[in-house]
Amino acid sequence: MIDVKLPETGNPKPPARVPYKRIATEEAFAPPEMLDIYRRICERGDCDAGFKGLMGFYMTSPSERAQHIMRCLIDMDDLRLQHMDEAGIDVAVMALTSPGVQVMDTPTAVSFARTANDFLAAAIRRHPTRFAGMLAVAPQDPAAAAREIERGVRELGIHAVVINSHTNGEYLSDPKFWDIFAAAEAMDAPIYLHPNSLPAGMYEPFAAAGLDGAIYGFAVETGLHALRIITAGVFDRFPRLQMILGHMGEALPYWAYRLDYMHGATVRSKRYESVKPLRQRPSDYLRQNFTITNSGVAWPHAIKFAQGFMGMDRVMYAMDYPYQYAPDEVNILDGMDLSLENKTKFFQTNAERVFKLR
Ligand code: 1DF
Ligand code: MN
């Protein structure tokens, strides 16, 4: 029987010395200045409910979890390195925490994306063997986002992009955003499609049951976003574009059969104007244009299924620090029944290739 075994809390055994580097690929940070902007947004009468429910909670809750997360998010030096050392993480690939600039008004978002990327690049320069990162961009202004991808790759040496799912309820499947895909493809920079809080049209039924966040709502909305990108034909238009999904591919590998079956049936029935024929099956794009991470899921059974479906080269390790700082998960994953070659791919070399780490 396949059971769920959660990590030990408290003081787990320190991570073993292993012959591979552990590279964690979905690690969050927040410049203190961004939290000031967030506080001002939360105070507005028209503040988005999902944003207020997520970052409003972490910024104001006296709970130990919230206080700990806020302290960790802003630290790009000793505390973060101490936590990495305690968990045996050699390298953290960091992204501006969700929703990044995507909740800001357009001019603020465009300018703060640059500020955040410069802040990240400075932290990487201080700790070049321990830190790597992803570029924040403002989808609100697709042309500016495309320029920031070019600047970030060329001038900052950061070779990946993070986009926190929807932007004000809009999805990258809309061709108005496709300058971003063109730039990412041209610069050979993968886009990590990371969760955001739920948009206004989805929030209530999830939040009423406390299921809007990382427990479930994030995966539903981010998985939806990835599927919208696939079914809109983005990968027929940009075949070399690469994307990354966290949280076991937001469950999409598990859905592959039904996605392929029903997409084919829907196309043939001409039921929706928006569902057009694609060159390949949805599952083909998942395997050719996506790499997934195990963020939030230290469950060998699920990881093995994903590796079987995606291939050993397309599943990477992630911790999701500081939202899921559970050092014993590293012990669980070190203990996975995998050859050393495949464990090295999972923890190290897939990330080195995807993020162009040297
Ligand atoms: C949470 C989880 C928040 C993830 C995040 O960013 C986040 C959470 C604000 O637990 O509230 O990135 N996550 O990726 O699972
Ligand atoms: Mn995350």
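Compute the projected area of the convex hull of the Cα atoms of the range 1-124, averaged over all viewing directions, and report it in nm² to one decimal place. Please list the in-between numbers first.
Details: hull surface 42.8 nm².
Directional mean of the projected Cα hull area for the range 1-124 stands at 10.7 nm².
Using the 10 angstrom Cβ neighbour count as an exposure proxy, how do T25, T9, T115 rank, fewest first? All intermediate terms of the calculation are to be shown ahead of the outcome.
Details: T25 29, T9 9, T115 15.
The most exposed by this proxy come first: T9, T115, T25.
So, R0 is 22 Å and r is the distance between the beta-carbons of D77 and L357; what FRET efficiency does that work out to, to 0.05?
Step by step, r from the Cβ atoms, then E = 0.65.
Sorted from largest down, give the three principal axis spans of the alpha carbons of the range 57-201, whole angstrom values.
If we take the Cα atoms of the range 57-201, the spans are 44, 37, 24 Å.
Write out the trypsin sites (Lys or Arg not before Pro) in the range 245-309 meeting two conditions: DSSP loop, and at most 10 other Cβ atoms within 10 Å of their Cβ. Working shown, then result.
Values: sites: R258, R268, K270, R271, R279, R287, K304; in loops: K270, R271, R279.
Those satisfying the criteria are K270, R271, R279.
Quick one: plug the Kirkwood hydrodynamic radius of the chain (C-alpha pairs) into Stokes-Einstein at 25 °C, 0.890 mPa s, and report D in µm²/s. Walk me through the numbers before you get to the answer.
Numbers: Rh = 20.6 Å.
D = 119 µm²/s.
For a footprinting-style exposure proxy, rank S197, S295 by other Cβ within 10 Å, fewest first.
Working: S197 29, S295 25.
Fewest to most other Cβ atoms nearby, the residues stand as S295, S197.
Excluding K13 itself, what net charge comes from residues whose Cβ is under 13 Å from its Cβ, given Lys and Arg +1 and Asp and Glu -1? Walk me through the intermediate numbers first.
Values: positive: R17; negative: E8, E86, D328, E329, D334.
Net charge around K13: -4.
Counting only DSSP beta bridges with both residues in the chain, what percent are antiparallel, rounded to the nearest 5?
Details: 1 of 23 bridges.
Bridges in the chain that DSSP calls antiparallel: roughly 5 percent.
Only loop residues by DSSP count here, and only those with at most 11 other Cβ atoms within 10 Å; note down the GluC sites (Glu not before Pro) in the range 209-318 that meet that. Intermediate results must be reported in sequence, preceding the final value.
On the way: sites: E221, E250, E273; in loops: E273.
Here the GluC sites (Glu not before Pro) that fit, given the DSSP loop and packing criteria, are E273.
Just to confirm a number: summing +1 for Lys and Arg and -1 for Asp and Glu over residues other than L338 whose beta-carbon lies under 11 angstrom from that of L338, what do you get?
On the way: positive: K304, K343, K345; negative: D334, D337, E341.
Around L338, the surrounding residues sum to 0.
Per 10 Å bin, what percent of the C-alpha pairs of the range 243-353 does each bin hold, from zero upward?
Here the calculated profile for the range 243-353 is 14, 41, 26, 14, 5.
Search the structure for amide H atoms under 5 Å from the amide H of M319, placed 1.01 Å from N in the peptide plane, and list their residues when 5 or more places away or on another chain.
Under 5 Å from the amide H of M319: T25, E26.
Every read-out reported here was derived from the displayed coordinates using simple, explicitly stated rules and does not represent laboratory data. Note that the structure is a prediction, hence the values are computed from the model and not measured. When we count neighbours, we look across all protein chains shown, and the Cβ atoms used for this are built from the backbone with ideal geometry, even at glycine.
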